[in-house]
Amino acid sequence: MTAEPGQREHVEKKRSLGRVFGLVAILTVLSKFAGLARDMVVASSFGLSRALDAYNLAYQLTGNVLILFGGLGGPFHSSTVAVLTPRKDTPDAGKLMAQIAALTVVILSVIMAAVYFLAPYLVSLIFPSTNLDPQLRAQLFADAVGQLHVMAPLIAIAGIVGLSYGVLNVYDKVFWPSLSPAIASIAIIVAVIFFRDDAGLCLAVGTLAGAIGQALVQIPGMLRSPIKWSFNFEPHPGLKEYASMLWPATISTSVGQLNTFIDSIFISQIPSVTGGHLSAIVNTNRLVQLPLGVLLTAMLVPILPRFTEQVAANKVEDLKKELARALRFLWFLGLPITALLLTIPRPIVELLFQRGRFTAEDTTMMVQALLFMAPSIIFYLARDLITRVFYAHQDSKTPYYVALVAIGVHLFLDWALVGPMGISGIALALTLVTVFNLTCLAFLLKRKIGNLGLTQVIVPLIVMIAASAACGASAMFIQSWLETTMHSTITIARALELGLSIFVASGVGLLLYAGLCLSFRLDEPMMVFNRLTRRKA
């Protein structure tokens with residue numbers, strides 16, 4: 001029997017989505033592991049120290065802008081996709097994008113200049129550090145201001161990177177957008193290895209060089225896109241639509257960044273004579289973001305245009321099915337990773353970071369944070385996926401209002417938890433705020449499009465949680481047993497033994513997880529299994 005044209009088109013779209021997912025996943029994995037290598041080199045060279053705290057302070061005001069605003073799924077990327085997608089074949093698309101690019105560069109350059117000149121006040125505002133040793137505090141501030149001056153151009157670069165991401169995404173060019181973050185990581189690695197200094201200025205220089213490289217590899221692809229670039233001063237009608245989406249999305253993202261500043265203020269109040277608490281939270285968050293970045297980037301790149309098309313065609317039921325399917329798949333991949341981070345956190349942190357100036361005390365600090373931050377993976381995946389449904393409806397205001405309310409929740413949680421729990425309180429507050437965001441967004445999305453159809457996720461989710469628990473328990477037992485049988489004190493041999501114990505324990509745990517899910521015939525493992533065993537025609 002021959003499939004109908006509509007059925008063939010649907011099957012082809014699913015195959016195309018799978019191919020894009022696979023390509024983006026591979027490229028993103030490479031970029032994320034380059035980022036992990038960067039963090040390992042930086043940790044070995046600086047440990048959880050004053051210099052690294054200073055860099056992370058400056059990065060909050062500059063590098064985070066590049067990641068949050070200019071990254072995939074950021075306001076520039078999402079707004080560009082939403083506005084350009086319905087106009088991608090029109091003759092004036094180039095005019096619209098040229099006007100958007102010019103306006104973006106001008107506005108962000110003004111903000112960049114303000115950050116440069118207000119640097120001392122900004123550092124003092126977000127990291128008062130009244131409980132730090134006075135000499136340490138003075139040196140920390142001086143280092144942070146110097147690094148902030150070097151990295152200020154990242155703010156303007158963020159807009160260029162975000163726009164190019166959006167244009168390339170619309171025209172299904174995913175290679176450089178997925179791989180370019182690796183350039184930024186490689187630049188920092190080179191700077192630290194060859195130009196290391198005690199103040200950490202090499203980190204700032206490497207970060208700026210990497211951001212410039214990230215923009216340079218994407219701009220040629222954007223200029224070679226099918227749109228015909230042109231510019232004039234008569235505003236394009238789509239410019240107002242773009243601004244109406246970008247402004248709330250930017251404010252929403254900025255509100256999210258305020259949560260980081262809130263954390264910094266409370267972290268600075270934790271008593272310390274050496275510093276490092278801020279860097280511990282940053283490193284832990286990056287470790288958690290490693291699986292999150294791979295899963296979300298690989299899924300959101302192909303799924304956002306798909307959501308947008310379904311909303312434009314008023315195919316609400318198809319949208320709900322796509323949402324539920326994507327959520328189940330993300331949770332299927334995210335749950336066992338969460339289980340492993342919760343059950344064998346110390347061996348993982350020790351293997352990745354504990355060398356050079358990164359001490360056993362630093363490992364303990366990161367483990368304390370990781371135990372309370374790892375559960376956020378599951379809620380974070382769902383929150384970001386649901387947020388994209390709002391963006392597909394050209395509604396960036398709802399996530400903004402939710403994020404605005406979350407600021408108060410976050411502030412209260414930090415105030416309540418940091419005193420009795422220290423750095424663990426910061427991590428727990430981050431997880432609880434993510435849960436709050438997800439709950440609010442799901443409730444409001446249900447009011448917008450009706451029942452989300454997520455009841456079909458409940459049974460598979462219960463199976464996945466039970467299988468994840470088995471995965472984590474088996475991995476913890478096996479890793480502990482293997483580690484006790486190996487007693488090498490030589491650094492390299494110890495790292496190899498630790499790596500082997502983690503690899504074997506995780507491998508057995510993941511196989512057990514997959515086997516349990518397959519035994520219940522869940523769609524997600526069956527889909528992965530079929531793709532792995534399917535022979536090419």
*Going by the structure shown, is PHE379 outside any helix (DSSP H, G or I) and at negative phi?*
no
_From the options SER225, SER230, SER244, residue that is modelled with pLDDT under 75, surrounded by fewer than 16 Cβ atoms within 10 Å (Cβ to Cβ) and either over 21 Å from the mean Cα position of the chain (by Cα) or of a type in the set (D, E, K, R) (or both)_ = SER230
*asked:* Six or more apart or on different chains, Cβ atoms under 6 Å: show the pairs whose first residue is in segment 460-471 and open to solvent by less than 10 Å² (accessible area, probe 1.4 Å) and whose second is among the small types (Gly, Ala, Ser).
replied: SER468/ALA339; CYS471/ALA339; CYS471/GLY509
*Do we find that SER268 is touching a residue at least 12 places away in the same chain (Cβ under 8 Å), in contact with a Ser or Thr (Cβ under 6 Å, 6 or more places away or on another chain), among the polar types (S, T, N, Q) and surrounded by 20 or more Cβ atoms within 10 Å (Cβ to Cβ) in this structure?*
yes
*Could you identify the single residue in ALA374, ALA382 that is surrounded by 20 or more Cβ atoms within 10 Å (Cβ to Cβ), under 20 Å from GLN479 (Cβ atoms) and of a type in the set (A, V, I, L, M, F, W, C)?*
ALA374
_Which listed residue, of GLY509, GLY453, GLY472, is closer than 30 Å to ALA324 by Cβ and not in a helix (DSSP H, G or I)_ = GLY453
*asked:* Restricting to segment 472-485, give me the number of residues that are touching a residue at least 60 places away in the same chain (Cβ under 8 Å) and within 19 Å of GLY334 (Cβ to Cβ).
replied: 4
_Name the residue that is farthest from VAL29 (Cα to Cα), counting only residues in segment 271-293 that are open to solvent by less than 20 Å² (accessible area, probe 1.4 Å) and among the β-branched types (Val, Ile, Thr)._
ILE281
_Can you report the number of residues in segment 315-345 which are touching a residue at least 60 places away in the same chain (Cβ under 8 Å), in a helix (DSSP H, G or I), within 24 Å of ASN285 (Cα to Cα) and among the β-branched types (Val, Ile, Thr)?_
2
*asked:* Suppose we filter SER519, SER474, SER488 for residues that are modelled with pLDDT of 85 or more, among the polar types (S, T, N, Q) and open to solvent by less than 70 Å² (accessible area, probe 1.4 Å); which single one remains?
replied: SER474
*Keeping to segment 396-426, report how many residues are of a type in the set (D, E, K, R) and surrounded by 18 or more Cβ atoms within 10 Å (Cβ to Cβ).*
1
*Pick from segment 349-371 the residues that are among the hydrophobic types (A, V, I, L, M, F, W, C) and more than 17 Å from VAL282 (Cβ to Cβ): which of them is farthest from the chain's Cα centre (by Cα)?*
ALA360
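Residues checked against (1) assigned to a helix (DSSP H, G or I); (2) in contact with a Leu (Cβ under 6 Å, 6 or more places away or on another chain); (3) under 14 Å from PHE76 (Cβ atoms); (4) open to solvent by less than 10 Å² (accessible area, probe 1.4 Å):
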{"residue": "ILE107", "(1), (2), (3), (4)": "yes, no, yes, no"}
{"residue": "MET112", "(1), (2), (3), (4)": "yes, no, no, no"}
{"residue": "PRO120", "(1), (2), (3), (4)": "yes, no, no, no"}
{"residue": "SER124", "(1), (2), (3), (4)": "yes, no, no, no"}
{"residue": "PRO128", "(1), (2), (3), (4)": "no, no, no, no"}
{"residue": "ARG137", "(1), (2), (3), (4)": "yes, no, no, no"}
{"residue": "LEU140", "(1), (2), (3), (4)": "yes, no, no, yes"}
{"residue": "ALA144", "(1), (2), (3), (4)": "yes, yes, no, yes"}
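The values are calculated or read from the model by the stated rules, or taken from the named source; none is laboratory data. Computed from a predicted structure; not experimentally measured. Every residue, glycine as well, gets a Cβ built from its backbone with ideal geometry; the counts of neighbours run over all protein chains shown. These area figures cover heavy atoms from the full protein model, side chains too; ligands, DNA and RNA do not enter into them. Shrake-Rupley method; radii C 1.70, N 1.55, O 1.52, S 1.80 Å.
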